[in-house]
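What follows draws every value from the coordinates through simple rules; no lab data is involved. Keep in mind that this is a model prediction, so the values were computed, not measured. Quick reminder, even Gly has a Cβ in these numbers, built from the backbone with ideal geometry, and neighbours come from all protein chains shown.
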Amino acid sequence: MKIAVCIKQVPAGQEAEIDRETGLLIREKAAARLNPYDYFAIEAALCAREKNGGEVTAVTMGPTGAKDVLRTAFELGADRGALVSSPAFAGADVYATAYTLSQALRALGGFDLIFCGRQTTDGDTAQTGPALAEQLGIPSISWISEILEVTPERIAVRQDLSGWELFAACPLPCVAAVGRECNTPRMPTLRGKMAATKKEPLLLRIEDFFDQTPAHFGAEGSPTRVTRVFAPERAKAGEWLQGTEREILAQATARIRAQIKSGGNVHDGDFGG
Amino acid sequence: MNKAEFEVKTVDAGHYFEYLKDESRLQGNCQAICFPKDETQAEDAAVWAWRQGKRVTAQGARTGIAGAAVPVESDLILNMEQMNRILSLEEKDGELFLDVEPGLTLEMLERALASGRLNAQEPISPQAQEAFAGAAWEFAPNPTEKTASLGGVFATGAAGINECAVGPTSRYFAAATLFSPARGKWEIRRGDLAVQEPVSSQSRWKKPLVIGKRQDLLDVLCGSEGTLGLVTRLKLRLTRRPGQTWGILCFFEDEEQAAAFAFKRTEKKTQDTVCRGLEFFDEASLLAVEELKKSASKLRGIPPIPEGARAAVYTEICAESEEAMDTALQELLAELEQAGGKEEMTWAASEPEELEKFRLFRHAVPESLNHSVDETRKRLPSVYKIGTDFCAPTEKLLPLLTMYHKDIRAAGLRGAVFGHVFDAHLHVNLLPKTAGEIDRARELIASWAERIMAMGGWIAKENGIGKLKKELYRAYLSAEERESIAKLKHYFDPDGYLNPGNLL
């Protein structure tokens, strides 16, 4: 089975610098790490390989420094790695990223099963996996909380859909986006980790793609325009209720009832303390 | 003196009750608590209490496991957790010294050092700033409980898994400010010798409060568990972080193979690499962690232990060059396979966040055993964990391990053995489930202590003596040592007012 896992390098901490002009993250300046969700995707890919045979190829798109995350994938057991990197890819939004990845996966010869992490901790869109499937013209299955079975023909999963669980199966090839609940990622073995330092990933540039039109990639190929980046203001109006425990409870209950009657929402903090 | 500057609060069932105990699970008793916010408040509170004849127990983060922070026969708790600021950074001959308040925790310190932002209260000189920015710095002692306070680390001399490489914790304290209401304030610096007549009975192991020949006073204070004075300021000696660190956890299907492999590692001598930790875990320790994982979400990132694992050895290796590290890892792999270990049953890490998983794993062992005791206590509240902190010459590792397991089985007790391979410093945790088992466990401890002492060991290496181990401690002090301790205590705290019940 040919399995791919799409992974991404993200800023390591909570603080990252943003270009005020473009609204884009300045990745070169930030300490970086593998997107935490991608560990679960790698583990899912390795388990699928252990069950069905074949090989796992880790694919990442980013500047040259992003190859560090491929080393992590090698340490954990990925057979091959590909760094998709070109100045033409810079500034890509979800749409252009998915398109670039689809071109890279095609250039690598196509795959039976493509795993992604549910989302990244920088973009947080959770859309790249489904968008990639769309670009490849194959089905996608997201919000996976458990993988029940992977065979050469299909993947069967449990999906966590905000309060609902859906048991679903999807024919291969497909894109599968996995969540944290899906598995516990392994630790690399000593030999695996040592060997990873000697593995080199394949470098894929726009010249390696079927579509070599620069306007289809990067900022130019991205319909999204970031006009402003800001933290939303949170209005916090609080009110202290006074009295005995019983009296406070009665007052709180009366207010909640009144809110519900008027069709309003009851939020945490509406009642201050 | 105006008491309003520091606030004394009443301890009762609804308020501050948790401050009557620490991680030892020992329950103390005290009517009042004060949280000084700075050095002046701490001194004022101590003098105020002293003038009223109130005895004081000083507390840090209450993470100790020998009960040193538990108030017994005390009238006031002085809890230092709100004195947690970094005060200043000083550079001297290429070395860096960081002044901190005693309530600063290890995790706060590590975060500040890693972020490069110290937020020191006093201005930092350009030389110090440059030196700080020019390298990665650390406070070398590495107790696994990162919520421990620096004051607590100093008070108990708590060490971590890297003691085998970095030496005793006290080395990393360059100065301390000590306050005794009866005697006043001292600024004690490294190099100030303890001038009291040293005792003649020298031990290879450090005995708290026992003064050796030409011993630094700072080393005497470190480990004195607050019995000589209130520590209000500490100067930490920072060191440069090693270039590369690898952690390797090797699981074994056979405990004897694991122990033999661990012992062989202690004999390894290399010039280019340093062993910064060598730890052993028996099967019961591994199973306890697996059990705790079911309920502790913070352990979720630790994978299941490999099938068939009955023991494990963890080692941490540091090197400055990749070549040196590569050679050391190849050698380790060869030794592992010679010992009967399997490469596929190893976990390896080299990045800080991966190494953090190993720290969590190591720390989860005692935590999981405490959790198990807590479960038993729901049924029988008088039950408690009985643990050892014995050490002996490293070559005694294998006979000691055999002795512990044989005796635990023979006594019909449940227990786990884990800990440091160097100095055969294994922690045995006995988990009694009945009053009868508590008695049997105590008998075992006493019998082991005798045998440990006979083989040239010592009964309390790193967890402190506190209140739980003082009987054992006193039993193995000579008359001369006891007399010396009494003189020392009388000099610093003539009224016996500070941390009553600890050590003495």
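Give the shape of segment B:288-346 as rounded, prolate or oblate, defined through the alpha-carbon gyration tensor: a ≥ b ≥ c are the square roots of its eigenvalues, a/c under 1.5 means rounded, and otherwise the shape is prolate if a/b is larger than b/c and oblate if not.
Working: a/c = 3.53, a/b = 1.70, b/c = 2.08.
Oblate, since a/c reaches 1.5 and b/c is not below a/b.
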**Fill in**
Restricting to aspartates and glutamates and to Cα separations under 16 Å from B:Lys264, and discarding same-chain partners fewer than 8 apart, the set is B:Asp254, B:Glu255, B:Glu256, B:Glu279, B:Glu316, B:Glu331, B:Glu335, B:Glu337, B:Glu395, B:Asp423
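Report the convex hull volume per residue for segment B:35-159, counting only C-alpha atoms, in Å³. Mind dumping the intermediate values first?
Working: hull volume 13.7 nm³, N = 125.
It comes to 109 Å³ per residue, whole-number rounded.
Per residue of B:298-308, how many C-beta atoms from partner chains lie within 10 Å of its own C-beta, taken as a mean?
Numbers: counts 0, 1, 3, 6, 2, 6, 2, 0, 2, 0, 0.
The mean count of partner-chain Cβ atoms within 10 Å per residue comes to 2.
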**Request:** Only Lys, Arg, Asp and Glu count, each charged at its Cβ (+1, +1, -1, -1), so figure out the dipole size of the protein assembly as shown about its Cα centre, rounded to 20 debye.
**Result:** 1500
**Message:** With viscosity set to 0.890 mPa s at 25 °C, what whole-number translational diffusion coefficient in µm²/s follows for segment B:217-316 from Stokes-Einstein and a Kirkwood radius over Cα pairs?
**Reply:** 143
**Complete:** Of the listed pairs B:Lys294/B:Lys357; B:Lys146/B:Lys185; B:Lys235/B:Lys268; A:Lys67/B:Lys268; B:Lys342/B:Lys433; B:Lys21/B:Lys406, those with alpha carbons more than 27 Å apart are B:Lys146/B:Lys185; B:Lys235/B:Lys268; A:Lys67/B:Lys268; B:Lys342/B:Lys433; B:Lys21/B:Lys406
**Message:** Can you order the peptides B:80-89, A:220-229, A:195-204 by their average number of other Cβ atoms within 10 Å per residue, highest first?
**Reply:** B:80-89, A:195-204, A:220-229
**Request:** Would you mind listing how long chain B runs along its three principal axes, going by Cα atoms, in whole Å with the largest first?
**Result:** 69, 61, 49
**Prompt:** So how compact is chain A: Cα radius of gyration and Dmax in angstrom?
**Reply:** 22.6, 74
**Fill in**
Projected onto the charge dipole of the protein assembly as shown (unit charges on the beta-carbon of Lys, Arg, Asp and Glu, signs +1, +1, -1, -1), the Cα from A:Pro171, A:Gln242, B:Ala133 with the largest positive-side position is that of A:Gln242
**Request:** Determine the percent antiparallel among the DSSP beta bridges restricted to chain A, to the nearest 5.
**Result:** 40
**Request:** Return the long-range amide H neighbours of B:Val11 (sequence gap of 5 or more, or a different chain), with a cut-off of under 5 Å between placed amide H atoms.
**Result:** B:Ala32, B:Ile33
**Fill in**
Whole-number value, in Å³ per residue, for the convex hull of the alpha carbons of segment A:74-129 is 117
**Prompt:** How large is the dipole of segment B:347-504 about the Cα centre if only Lys and Arg carry +1 and Asp and Glu carry -1, each at its Cβ, rounded to the nearest 20 debye?
**Reply:** 600
**Message:** Give me the net charge for the shell around A:Gln127: Cβ to Cβ below 11 angstrom, other residues only, Lys and Arg +1, Asp and Glu -1.
**Reply:** -2
**Item:** chain B: angle of helix B:255-266 to the longest principal axis, Cα-based, in degrees nearest 10
**Value:** 60
**Prompt:** Any idea what diffusion coefficient segment A:147-204 gets from Stokes-Einstein, in µm²/s, Kirkwood Rh on alpha carbon pairs, 4 °C, 1.567 mPa s?
**Reply:** 89
**Request:** Could you work out the per residue convex hull volume over the alpha carbons of segment B:385-431, in cubic angstrom?
**Result:** 55
**Request:** Answer with one residue from B:Ala334, A:Tyr99, B:Thr239: the one whose Cα lies farthest towards the positive end of the charge dipole of the protein assembly as shown, charges on Cβ with Lys, Arg +1 and Asp, Glu -1.
**Result:** B:Thr239
**Sorted peptide list for B:35-43, B:224-232, A:142-150, criterion being average Cβ within 10 angstrom, highest first** = B:224-232, B:35-43, A:142-150
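Starting from the alpha-carbon convex hull of the protein assembly as shown, give the projected area averaged over all orientations, in nm². Let's see the in-between values first.
Values: hull surface 156.2 nm².
That works out to 39.1 nm².
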**Residue (of A:Ala231, A:Gln259, A:Ala219) at the positive-pole extreme of segment A:111-262, dipole from beta-carbon charges** = A:Gln259
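Taking the convex hull of the Cα atoms, report for segment B:111-215 its projected area averaged over all directions, in nm².
Projected over every direction and averaged, the Cα hull of segment B:111-215 covers 9.3 nm².
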**Message:** Need the C-alpha centroid separation for segment A:61-82 versus segment B:232-266, integer Å.
**Reply:** 28
**Asked** Expressed as a whole number of Å, what is the distance separating the alpha-carbon centroids of segment B:378-407 and segment B:276-311?
**Response** 19
**Request:** Provide the descending list of Cα extents for segment B:363-504 along its principal axes, expressed in whole angstroms.
**Result:** 46, 39, 28
**Asked** What's the average, rounded to a whole number, of partner chain beta-carbon atoms within 10 Å of each residue's beta-carbon in A:178-187?
**Response** 3
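Once Rh is set to the Kirkwood radius over Cα pairs, what Stokes-Einstein translational diffusion coefficient, in µm²/s, holds for segment A:97-171 at a temperature of 20 °C and a viscosity of 1.002 mPa s? Mind dumping the intermediate values first?
Numbers: Rh = 13.3 Å.
It diffuses with D of about 161 µm²/s by this estimate.
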